[in-house]
Amino acid sequence: MSRDPRAPQATGTDPSADGTTRRVAMVVAAKRFVGVERLRGLVATAGLVGGSIALLVGALMPQVWVFLAAAVVSYVSDLYLHVSDPGFMRKLGRFRLGVTVRFLFRSSLLLIIMARVGWEHRQLFDVATILLPLLFIAQVTFTGMLSVVRRRRALPVATRNIVLGRLRIADAPPQWLMQGYGRQLLHLEILGVAGVVATLAVRNPWWALGGLGAALAVRAGLLLALLPHLARAMRFPSRNNVLRKVDYWFAQHRPEVVLYFSGSKDSAYQINMWLATLEQLDQRAVVILRERHTLDNLATTSLPVLCVPSAVHLMNMDLSSVRVALYPANVGKNIHMLREPHVKHVFIGHGDSDKIASVNPYSKVYDEVWVAGPAGRERYATAQVGVRDDEIVEVGRPQLSQVHTGPRQAPVPTVLYAPTWEGWTDDPGNTSLITAGPGIVKALLGSPLPVRVVYKPHPFTGTRDRKAKDAHLQITKMLDKANARLGAGERADQEAAAHAQGILAAIEDDLAEELERGRSERADDAQRSRDSAPGSGPRADRVAALQSERDREYWTAAGPLRHHVVGAYPHLYACFNEADMLISDISSVVADFLASGKAYALTDTARIGADEFRARNTAARAAYLLQPDKKRLAAGVRALVELLHDRRDDHFAEDRDQLRVYLLGPDHPDSRTRFQAATTDLVARSAERARVFEEQDERELAMSGFTELFTDDPDADPQPGHDAAAAPEPQAVLYGTVLQRHQS
């Protein structure tokens, strides 16, 4: 029977509880030291180390059954870690303890125990001495061939929704051949070792010959299977040829606006929020990414997409048609685009808040900074980081058209707890999750008045501070236990929920089918770029419609009482529409939530007091404030729940309306219209600036004696004996050379 969390707690000290706490702390410390996430990973690591030591002991004694038992423990642990924690296995590789080294170690011990057993089949030892090195040589050869195939197939530019012409790109090798080759060696090693150990146990040499021979035969078969792909990879288009195709596409498509992005694996949301807005622009737009992992996590879009990892390749591309570049994030790689003098550069950010990131001094490198409303303008004026007032344009938040206004009709009110992440510094005001998060959720769940909790953590939560991750796990466990206490009889509208679950399953199937449209399981970046003609992949409008429908049905399918930990979906704005109140931190989430007109609360985690907190943070002016200490936190949360049940005491309603205009700008004209107007104006001014540059360049070209520029058709096949890599650069490179000379 589960204990009621509202029941009074015992005040005595339980020695056994203290011992349990110490043991848990020791396990956590051990996991952190080793670098694994789970307890099973820690056990598997101990098995790998202990098994290796036992193998050495069994080989030296020599004891066949000890060696066999140690081999089983070692291989099972190795296989488990390969599957469950590949990151840990990569760490072993960096410490020179990769799968190849482990193979050599175990093979050496295998030869040692065979030599020390000392029985009549001496020829077996000689055969094993030959076959094991051959297996190693075959593995090295296979790995080398695989490396060549991957390197040759790595296009300098990966694309989506772009036709690059008649590039001769062969189909990718099958995934079973390209991936998991480390585990392949492990499996083959197990096959050989099993045969040798069987021979030592039953004194029959054919087991060893069969096991080692089968392992070598399988590896030889994989080598033969890879050979045709190696031959095709050697005929792969050169990098210069691919870049010429990209320049030709730019010359034909002539995009005027670039959405430029660089970031970590978890930061794709920063650019995904802008894709729909760019799709609706009157100007032609293109997305330029700098990391391949962002391309993998990019939301479905109809926009042309280029992923250019190399700075040299990016800086050699013909971007002469581009008039405006938009930047959602302040990162170092922005400099590779900022160097284009004929482009107007604009920082648009990925949210509008009172965080220090919203007034980053780096912002002064841009021609303009686009903010949501007057608050953003005043924020820069107060910070005095070098951004002039005439460089700031208020465009609103076009994404917020998805947010509904007005009260919800539901049997139980819903509180959305959406804390921000811990940030790059140790400022206590960054997030409420560490100091107050579990207390907030505990108070909500223990409220005498019913309330439903929706918890949506920031995608970066726990990436820098382990305490944030621990608090996150604590909250998820609390919500799981609370849901477990909800019996079937307590869940209203069971029939409607069951019907919605069926609809949700059908939507998931339709969405998965749409996202797989035009894709091949064996395709790599090169093949996907080859096959990524517009309309060949997932349709952005269809995916968006299915995702919106899925978000709506998600809530109905779960019933009106169940608490939620929200991950990749529903979308944050769908959570806004489902919530009656928000509890959050100083972040863009609060500014966006203002579009709903609903009440919200913030936590003074820095403990600076209500007056100072409101003075420092614009979003706090219309917020209910919570204090992080336990007693006042619980009392504050209870007051918020009471407000949800009786909204007549909502004395911040008028302040929220005024603050919404201040933070997000006026309702008319709407933000999409303002964003389009700002883009059109800047494109026109940039075009005039580019015209002046072009006139100056034409004069310099004429003075330099050039009468004719290269006009090679990039789709034309190279002539026999013609080296594509040594071909003259296209017009773009010549233009860039003159332009650089003009700048200097």
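The values are calculated or read from the model by the stated rules, or taken from the named source; none is laboratory data. Every value quoted in this text rests on a predicted model; they were computed, and no experiment measured them. Every residue, glycine among them, receives a Cβ derived from its backbone with ideal geometry; neighbour counts consider all protein chains shown.
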| query | Is one or more of the residues making up the range 350-359 touching a residue at least 60 places away in the same chain (Cβ under 8 Å), buried (at least 21 other Cβ atoms within 10 Å of the Cβ) and not assigned by TED's automatic domain parsing to the domain that holds M315? | reply | no
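Can you spot a residue in the range 262-272 that is within 16 Å of T159 (Cα to Cα) and surrounded by 21 or more Cβ atoms within 10 Å (Cβ to Cβ)?
Yes, some residue in the range 262-272 is within 16 Å of T159 (Cα to Cα) and surrounded by 21 or more Cβ atoms within 10 Å (Cβ to Cβ).
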| request: Looking only at the range 153-180, count how many residues are crowded, with 18+ Cβ neighbours inside 10 Å and not in a loop (DSSP other than H, G, I, E, B). | output: 5
| query | Since I162 meets every condition but one in (1) in contact with a Pro (Cβ under 7 Å, 6 or more places away or on another chain); (2) more than 24 Å from A233 (Cα to Cα), which condition does it not meet? | reply | (2)
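Listed here are the residues, each with its yes/no results for (1) modelled with pLDDT of 85 or more; (2) aromatic (F, W, Y); (3) over 18 Å from I190 (Cβ atoms); (4) in contact with a His (Cβ under 7 Å, 6 or more places away or on another chain).
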| site | (1), (2), (3), (4) |
| --- | --- |
| V83 | no, no, no, no |
| G98 | no, no, no, no |
| R102 | yes, no, no, no |
| F105 | yes, yes, no, no |
| L109 | yes, no, no, no |
| G118 | no, no, yes, no |
| V127 | no, no, yes, no |
| L135 | yes, no, no, no |
| V149 | yes, no, yes, yes |
| task | Examine the range 224-231 for a residue that is farther than 21 Å from V64 by Cα and either touching an Asp or Glu at 6+ places or on another chain (Cβ under 9 Å) or crowded, with 18+ Cβ neighbours inside 10 Å (or both), and state whether such a residue exists. | result | yes
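Would you point out which residue out of R397, R377 is out of contact with any Cys (no Cβ under 8 Å at 6 or more places or on another chain) and free of Cβ contacts under 8 Å to residues at least 24 places away in the same chain?
Being out of contact with any Cys (no Cβ under 8 Å at 6 or more places or on another chain) and free of Cβ contacts under 8 Å to residues at least 24 places away in the same chain holds for just one of R397, R377, which is R377.
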| message | Is it the case, given these coordinates, that L185 is in a helix (DSSP H, G or I) and either basic (K, R) or buried (at least 16 other Cβ atoms within 10 Å of the Cβ) (or both)? | response | yes
| So which residues in the range 83-107 are among the hydrophobic types (A, V, I, L, M, F, W, C), touching a residue at least 24 places away in the same chain (Cβ under 8 Å) and surrounded by 15 or more Cβ atoms within 10 Å (Cβ to Cβ)? | F88, M89, V99, F103, F105
| Single residue of L146, L177, L124 found to be farther than 18 Å from L222 by Cα and of a type outside the set (F, W, Y) | L124
| query | Before we move on, is V565 crowded, with 23+ Cβ neighbours inside 10 Å and either closer than 27 Å to A299 by Cβ or touching a strand residue (DSSP E or B) at 6+ places or on another chain (Cβ under 9 Å) (or both)? | reply | no
| said: Return the residues of the range 332-343 that are touching an Asp or Glu at 6+ places or on another chain (Cβ under 9 Å) and either crowded, with 22+ Cβ neighbours inside 10 Å or part of a loop (DSSP other than H, G, I, E, B) (or both); say none if nothing qualifies. | reply: H342, V343
| remark: Filter the range 296-331 for residues that are in a loop (DSSP other than H, G, I, E, B) and of a type in the set (V, I, T); the one that is nearest to E256 (Cα to Cα) is V322
| Residue among I608, I586 that alone is within 23 Å of G349 (Cα to Cα) and in contact with a helix residue (DSSP H, G or I) (Cβ under 8 Å, 6 or more places away or on another chain) | I586
| task | Can you tell me which residue within the range 599-624, out of those that are in contact (Cβ under 8 Å) with a residue 24 or more places away in the chain and either of a type in the set (D, E, K, R) or not assigned by TED's automatic domain parsing to the domain that holds P419 (or both), is nearest to L664 (Cα to Cα)? | result | R621
